[in-house]
């Protein structure tokens, strides 16, 4: 078992469970520019998300300092939550097998009216995932 430490306090090993494995209703995508006129959305695994940073895993390679755009969707009846066009910047990159684990800082503009709304949506998303995790643990122990 190999332990990886990204910048900050996040430590991950190969058996680490991503948030979308805990809650399959979570869909996280990364916008990739493939050519001058063509972009596409690629699914990535999300391991950590808060108001300041997030940790993702993908087979795409980026350089530290590169800017990325994430889209996060959580759809579980009766709750639906979307965070579109979340601007991020690569802080660090770690290779894990054939994939890369990225520590991203969120690029929230103080000038934007949507900044407090994004922070609130991130907190709500974390609360929903924590609730789902607790519910799953209780059902397995019963």
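The values are calculated or read from the model by the stated rules, or taken from the named source; none is laboratory data. Since the model is a prediction, treat every value here as computed from it, not as a measurement. Virtual Cβ from ideal backbone geometry, glycine too; neighbours counted across all protein chains shown.
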Scan of the stretch 1-47 for residues that are crowded, with 19+ Cβ neighbours inside 10 Å, at pLDDT 85 or above and assigned to a strand (DSSP E or B), ordered by number
26, 28, 30, 46, 47
Tally up the residues in the stretch 80-123 that are assigned to a helix (DSSP H, G or I), at pLDDT 85 or above and exposed (fewer than 14 other Cβ atoms within 10 Å of the Cβ), please.
2
If only one of 122, 72, 56 is under 16 Å from residue 30 (Cα atoms) and either touching a helix residue (DSSP H, G or I) at 6+ places or on another chain (Cβ under 9 Å) or touching a residue at least 60 places away in the same chain (Cβ under 8 Å) (or both), which one is it?
72
Looking at residue 61, is it modelled with pLDDT of 85 or more and assigned to a loop (DSSP other than H, G, I, E, B)?
yes
